[in-house]
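Chemist: This is the structure I want to talk about, given as C-alpha cells.
The values are calculated or read from the model by the stated rules, or taken from the named source; none is laboratory data. What you are looking at is a predicted structure, and each value in this text was computed from that prediction instead of being measured. Ideal geometry is used to build each Cβ from the backbone, glycine not excepted, and the neighbour counts take in all protein chains shown.
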Amino acid sequence: MTNLKTQIAELLHNQIPSLTIENIFEILEVPANTQMGDYAFPCFKLAKEFKKAPPLIAKEIVDNFPTSEFVDKIENVNAYINIYLNKSWLVEQILSPILTEKENYGFDNSKSKGNIVIDFSSPNIAKPFHIGHLRSTVIGNSLYKIFEALGYNCHGVNHLGDWGTQFGKLMVAYKNYSSKEIIEEKGIEELLRIYVKFHEEAKLNPELDDEARSYFTKMEKGDEEALELWKWFKEISLNEFERVYKILDVTFDSYNGEAFYNDKMTPVIEELEAKNLIEISEGAKLVRLEEDNMPPCLITKNDGSTLYATRDITAAKYRYDTYNFEKSIYVTALQQNLHFAQVFKVVDKMGYPWANKMVHVPFGMVSGEGGQSLSTRNGNILFLEDILTEAIEKTKSIIEEKNPTLQNKDEVARQVGVGAIIFNDMYNSIIKDVIFSWEQVLNFEGETGPNVQYAHARACSVLRQANLTTPYEKIDFSLLNDEASINLAKELGKFKSVIRLAGQKFEPSFIARYAVDVAQAFNKFYHDNTILVENASLKEARLNMVLATKYTLKNALYLLGIKSPEQM
RNA sequence: GCACGCAUAGCUCAGCUGGAUAGAGCAUCUGACUUCGGAUCAGAGGGUCGUGGGUUCAAAUCCUACUGCGUGUGCCA
C-alpha cells in the first residue's frame, strides 16, 4: 500500500512540482467513503502559493492530469482531488508481495536495526501471579514481537522483584505466622496468606515495619539466615511463574531481577557522589530534582540500604553497557510514571547521552467489577491462573458443542481461551483502565480474539478443501473486482504501516484493531463470494485472496502473542 | 496544594502528525445462503465529541481556563 501511495504521490508531484513527493505523500489521504475514490488530495494548502481558490486549483490539476495505466478516474469535488485507481492493478499490487513473502509477510527478520531491551512482566517474588501482572506480560511480549518485526534485535528482561523491604516483611511474617512445613506443603498460597496477614498486623503494630526493614538490611549485608530464606521464597515463586508463562507462551532472554544488581549499586552511588548529584538529607542520600519540577529521588535510606530507584538506575547503566541499546523499554503500570521520570532524569544528570533512549510504556490499572481494587496487600485478588483455566474450560465447552470431532481439543482450547484473555487486554489503548468482567472476557463474538482466530480457521478450512495449483504469478487478479474483494485487499495491504505505527506509539492495540478489521473484511468477502466455484481461474484467484488473508491474520495474531489454530 | 493521565452512542471503546455526512463491538429489535465453518453477514434505533473561550479556510483532534474521575507526590516496589 505504501508503494501504491508513493506512486500516486509521484504522479501528483509532476503536476505540483513545488511540493516534494514526501509532502504530497503526507497530505494524501484515504477518503472515509470509497465512493470518493481510493485516494484524495485536499488542495487547501496550495491556496496561498497559487493565489487561487482551492476548488479552482483542484479543477486545474484534474484537467491537466495525464492518462495513466493505473488511474481509472480522477475528479475534483470542491477542493478535493479524488483518485480512483484501476482495481485489478490495485489488487495485484497488494496481493503479489504478500503471496511472495508468505509466512514472513510484514516481518523484517534482519535484526539489523540495533538492540532493544524490553523490561516486562517483572512480577514480585512471593506474590502470586494475578490479573494485574497480565498486562505487563502481554503488552511487553507483544512489543517484543512488534520491534522484532520492524528489524530490531530484542532482549526481553524479566526484572524480577526479588529484592527489597518486602522480603523483610515476608521473613517477619514467616517467623510469626507460619512454619517450614506449611510453606513446603502449600507453597505460594501460604506466602500470600502471611504477606496479607503481615499488612493487617502492621497497621496495628508499626514496629513490625521497622523489624521488616532491619531484616532487609541484614539481607543487603549478606546475613546467611536471611539469604537462605530469600532463596527459598524465590524458588517457590519462580516455579509458579514458569507454569503461568508456559500457559501464556511467553519467554524471556534474561531473568536478572533486582537482586542481580545488589553488588553493582555501590559504584553507581559513588559515581553519583563524584558527580556532585547527591545531597544528604535526614540521613538519606538523594538527588534533588526541583529544577525539573519533580520531588527528589531517594538513593539510599537513612540506614544505608538501597531503594527501587537505586536498583533501576544501576540496571539502566548495566543494560546500556551490556546491550548498547537503541531503546530501553519499561512496561509497567502508570502508577510508576514519576518513578521512571525520576530515574531517567537522574541518568541524564549523570551525563549519559543515552538517557533519552529509555522509554516508559505505562498502562492503566485493572480493577474488579464495581471498581474495587485488586491489590495484593488487601488480599483481594483474581488469580491469573484461575482466569486462564476458566477461559480454557469455556472454550472447551464451545468446541464440544460446535465442533465435537475436532482433534487435540485441549491444545486448541488453550490457544483460543488464552487468546481471548490476551486479546481482551490489548484491544484498547493500553493507557485505559480495565475493569475486569467475566462477561466481557468470556465473550467470543465481535471484536475479540476468538473472532479473529475463527476467521483464520475458516480461511484454512477452505484452503484445505481445494487444491491450489496455479502459481500466483499466473492468477488473473482482475477477476477480484467486487467491492468486498477490493476492500479486503486494501485492508491486507495496510499491515506493514500498521506495524510501524504500533512500534512508534508503543501500542499493541493498533495490531489488535487491525486484526479485527482484516477479519471483518474477510468475513464479508467470504459471505459475498463463493470461493469454490466451477470456473477454475476465478476459483484460483479467490483462493489466493484467502491465502493472503490467512498469512496476514496469522502474522497479526503472532505479533500479539496469540496462536492461530487451523481448526477450532 | 503540586505533577501526570483520562473525558466521544445505554455500556466498552476507535478516530493516524486538523480535512469532505463522527465509526466499531456489546446490549436491544428485525432479517439472511436448499454449495465453501452461523464464533458469520445485512439492516434499525441510539451523539449539543465534559463545559466556556481561542487559533484556522477547516477542530473530536491544536492552545487556554474550568469541571469531573483516576494515579502519583522523601526513606514500598
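Chemist: Any residue at all in the stretch A:558-566 that is among the aromatic types (Phe, Trp, Tyr) and in contact with a helix residue (DSSP H, G or I) (Cβ under 6 Å, 6 or more places away or on another chain)?
Modeler: The answer is no; no qualifying residue exists.
Chemist: Condition check: at pLDDT 95 or above and either within 11 Å of RNA strand B (Cβ to nearest atom) or of a type outside the set (Gly, Ala, Ser) (or both). Does A:Ala502 satisfy that?
Modeler: Yes, satisfied.
Chemist: Give the residues of the stretch A:393-406 that are surrounded by fewer than 23 Cβ atoms within 10 Å (Cβ to Cβ) and within 11 Å of RNA strand B (Cβ to nearest atom), sorted by residue number.
Modeler: Correct list: A:Lys394, A:Lys396, A:Ser397, A:Ile398, A:Ile399, A:Glu400, A:Glu401, A:Lys402, A:Asn403, A:Pro404, A:Thr405, A:Leu406.
Chemist: Based on what the data block shows, is A:Thr314 hydroxyl-bearing (Ser, Thr, Tyr), under 33 Å from the mean Cα position of the chain (by Cα), within 16 Å of RNA strand B (Cβ to nearest atom) and in a helix (DSSP H, G or I)?
Modeler: So A:Thr314 passes the test.
Here's the yes/no breakdown for (1) free of Cβ contacts under 8 Å to residues at least 12 places away in the same chain; (2) outside any loop (DSSP other than H, G, I, E, B); (3) out of contact with any Cys (no Cβ under 6 Å at 6 or more places or on another chain):
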{"position": "A:Asn262", "(1), (2), (3)": "no, yes, yes"}
{"position": "A:Ile280", "(1), (2), (3)": "yes, yes, yes"}
{"position": "A:Asp303", "(1), (2), (3)": "no, no, yes"}
{"position": "A:Ala309", "(1), (2), (3)": "no, yes, no"}
{"position": "A:Lys327", "(1), (2), (3)": "no, yes, yes"}
{"position": "A:Leu338", "(1), (2), (3)": "no, yes, yes"}
{"position": "A:Gly351", "(1), (2), (3)": "no, no, yes"}
{"position": "A:Pro362", "(1), (2), (3)": "no, yes, yes"}
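Chemist: Any residue that is closer than 29 Å to A:Phe147 by Cβ, away from RNA strand B (no atom under 15 Å from the Cβ), touching a strand residue (DSSP E or B) at 6+ places or on another chain (Cβ under 8 Å) and of a type in the set (Gly, Ala, Ser) - is there at least one of those in the stretch A:318-332?
Modeler: For the stretch A:318-332, residues closer than 29 Å to A:Phe147 by Cβ, away from RNA strand B (no atom under 15 Å from the Cβ), touching a strand residue (DSSP E or B) at 6+ places or on another chain (Cβ under 8 Å) and of a type in the set (Gly, Ala, Ser): present.
Chemist: Still on this structure: Contact list please: Cβ distance under 9 Å, first residue in the stretch A:455-479 and within 13 Å of A:Gln567 (Cα to Cα), second residue small (Gly, Ala, Ser) and in a loop (DSSP other than H, G, I, E, B), pairs at least six apart or on different chains.
Modeler: These pairs meet every condition: A:His456/A:Ser564; A:Ala457/A:Ser564; A:Cys460/A:Ser564.
Chemist: Kindly list the number of the only condition in (1) at pLDDT below 95; (2) within 16 Å of A:Leu488 (Cα to Cα); (3) surrounded by 21 or more Cβ atoms within 10 Å (Cβ to Cβ) that fails for A:Met568.
Modeler: Here A:Met568 meets the rest and fails (2).
Chemist: Can A:Lys145 be described as touching a residue at least 40 places away in the same chain (Cβ under 8 Å), in a helix (DSSP H, G or I) and on the phi > 0 side of the Ramachandran plot? Working first, answer last.
Modeler: Working: touching a residue at least 40 places away in the same chain (Cβ under 8 Å): yes; in a helix (DSSP H, G or I): yes; on the phi > 0 side of the Ramachandran plot: no.
Answer is no for this residue.
Chemist: Going residue by residue through the stretch A:6-20, is there one that turns out to be within 30 Å of A:Leu547 (Cα to Cα), of a type in the set (Val, Ile, Thr) and in contact with a strand residue (DSSP E or B) (Cβ under 6 Å, 6 or more places away or on another chain)?
Modeler: yes
Chemist: From the set of residues in the stretch A:413-447 that are in contact with a strand residue (DSSP E or B) (Cβ under 7 Å, 6 or more places away or on another chain) and part of a loop (DSSP other than H, G, I, E, B), which is farthest from RNA strand B (Cβ to nearest atom)?
Modeler: That would be A:Phe436.
Chemist: Out of curiosity, is A:Glu273 within 37 Å of the chain's Cα centre (by Cα) and in a helix (DSSP H, G or I)? Working first, answer last.
Modeler: On the way: within 37 Å of the chain's Cα centre (by Cα): no; in a helix (DSSP H, G or I): yes.
It is false that A:Glu273 is within 37 Å of the chain's Cα centre (by Cα) and in a helix (DSSP H, G or I).
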